[in-house]
Amino acid sequence: MRKLLTQTEVFLNIMGEIKVSPDYNWFRSTVPLKKIIVDDDDSKVWSLYDAGPRSIRCPLIFLPPVSGTADVFFQQILALTGWGYRVIALQYPVYWDHLEFCDGFRKLLDHLQLDKVHLFGASLGGFLAQKFAEYTHKSPRVQSLILCNAFSDTSIFNQTWTANSFWLMPAFMLKKIVLGNFASGPLDPEMADGIDFMVDRLESLGQSELASRLTLNCQNSYVEPHKIRDIPVTIMDVFDQSALSTEAKEEMYKLYPNARRAHLKTGGNFPYLCRSAEVNLYIQIHLLQFHGTRYAAIDPSMVSAEELEVQKISLHTSNEQEEQ
């Protein structure tokens, strides 16, 4: 039986299990962090990890939540590249509106010489992924979307009226706003470790980075689904406590009635950290539909559909047993 930790114990665990884990240290020592400038403004720097075979021209790109840095997806990078996928995890420069972000992201893809990509977006990252697909709908750059704990309308946070004042707030106030959306109450050790790691990542962000992300998260905007309805979508969400309301989740299902659904019984706000094995499997299942095409994110020599099918059946059986 898992020992549950209180929120106080989570924040007292200063070092954090993930930060000192062999997997995280291996990741940091083997995958270099790159910094790229694509705008005229030299202060706008994209930070990214690009791992896996460079021959893949339609990789999977990870977009983090407000509190996240590129390395919050290190478990996806390690696992997926081990299976032959090319994956890129990003950290945003300071952008103050969605159009500016989309234009900068398009320039980054041009710089990386990537015509089409698959996007995995978590929370704010999921919203920005949808906005970018919408932005490029006349000349599509997004081949598919995996939307993890994502939303389609910023009004759900009831802060559109304060969005334009975040840039004035000191860093400690911005961090307090973000921490207010983290899970509270008893947590199992894996989820506690995930939150602890995200708190550490949040501490590494400067005032302007946090202010810009909160502005993008809350600035009045919504997704226009008719512009991206032909893009394959998987909606990944959790059944336990997260920052998203049930209404926000239902709105996503209505927006994408044909989307595949990847439900996790638990995982909170950060399932890619605390339920990485399940998340990685759902990612593989999503990308399987592109195997054998020019939009495959995997090295063709590494494809084993039979093995993935066995894993898929295993996950289904496991979920059924949990529900009983």
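The values are calculated or read from the model by the stated rules, or taken from the named source; none is laboratory data. Bear in mind that the values here come from a model prediction, so they are computed numbers and not experimental data. Don't worry about glycine lacking a Cβ; one is built from the backbone with ideal geometry, like all the others, and counts go over all protein chains shown. Side chains included, ligands, DNA and RNA excluded: accessible areas come from the protein's heavy atoms. Shrake-Rupley method; radii C 1.70, N 1.55, O 1.52, S 1.80 Å.
Structure notes:
- Some residue of segment 160-169 being free of Cβ contacts under 8 Å to residues at least 24 places away in the same chain, within 25 Å of MET236 (Cα to Cα) and not β-branched (Val, Ile, Thr): no
- Criterion violated by HIS226 - all others in (1) free of Cβ contacts under 8 Å to residues at least 24 places away in the same chain; (2) within 22 Å of PRO93 (Cβ to Cβ) satisfied: (2)
- Residues in segment 90-105 that are in a helix (DSSP H, G or I), open to solvent by less than 10 Å² (accessible area, probe 1.4 Å) and not aromatic (Phe, Trp, Tyr): CYS102, GLY104.
- Yes/no for LEU108 being open to solvent by less than 30 Å² (accessible area, probe 1.4 Å), in contact (Cβ under 8 Å) with a residue 12 or more places away in the chain, farther than 28 Å from LEU244 by Cα and under 19 Å from the mean Cα position of the chain (by Cα): yes
- Where ASN149 falls short, out of the listed (1) surrounded by fewer than 16 Cβ atoms within 10 Å (Cβ to Cβ); (2) at positive phi: (1)
- ILE195, sole failed condition from (1) β-branched (Val, Ile, Thr); (2) modelled with pLDDT of 95 or more; (3) under 16 Å from the mean Cα position of the chain (by Cα): (2)
- Subset of segment 142-200 that is assigned to a loop (DSSP other than H, G, I, E, B) and touching a Gly at 6+ places or on another chain (Cβ under 8 Å) - its residue that is nearest to TYR282 (Cα to Cα): ASN149
- Condition met for SER139 (more than 23 Å from VAL94 (Cβ to Cβ), open to solvent by 10 Å² or more (accessible area, probe 1.4 Å), part of a loop (DSSP other than H, G, I, E, B) and among the hydroxyl-bearing types (Ser, Thr, Tyr)): yes
The rows are residues; the columns are (1) surrounded by fewer than 19 Cβ atoms within 10 Å (Cβ to Cβ); (2) more than 21 Å from ASP103 (Cβ to Cβ); (3) touching a Pro at 6+ places or on another chain (Cβ under 7 Å).
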position: ASP39; (1), (2), (3): yes, no, no
position: TYR49; (1), (2), (3): no, yes, no
position: PHE62; (1), (2), (3): no, no, no
position: VAL66; (1), (2), (3): no, no, no
position: GLY82; (1), (2), (3): yes, yes, no
position: TYR85; (1), (2), (3): no, yes, no
position: ILE88; (1), (2), (3): no, no, yes
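The rows are residues; the columns are (1) under 30 Å from LYS19 (Cα atoms); (2) of a type outside the set (D, E, K, R).
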{"site": "THR154", "(1), (2)": "no, yes"}
{"site": "ASN158", "(1), (2)": "no, yes"}
{"site": "LEU179", "(1), (2)": "yes, yes"}
{"site": "SER212", "(1), (2)": "yes, yes"}
{"site": "ARG229", "(1), (2)": "no, no"}
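- Filter pass, TYR272 being open to solvent by 10 Å² or more (accessible area, probe 1.4 Å), within 15 Å of the chain's Cα centre (by Cα) and modelled with pLDDT of 95 or more: no
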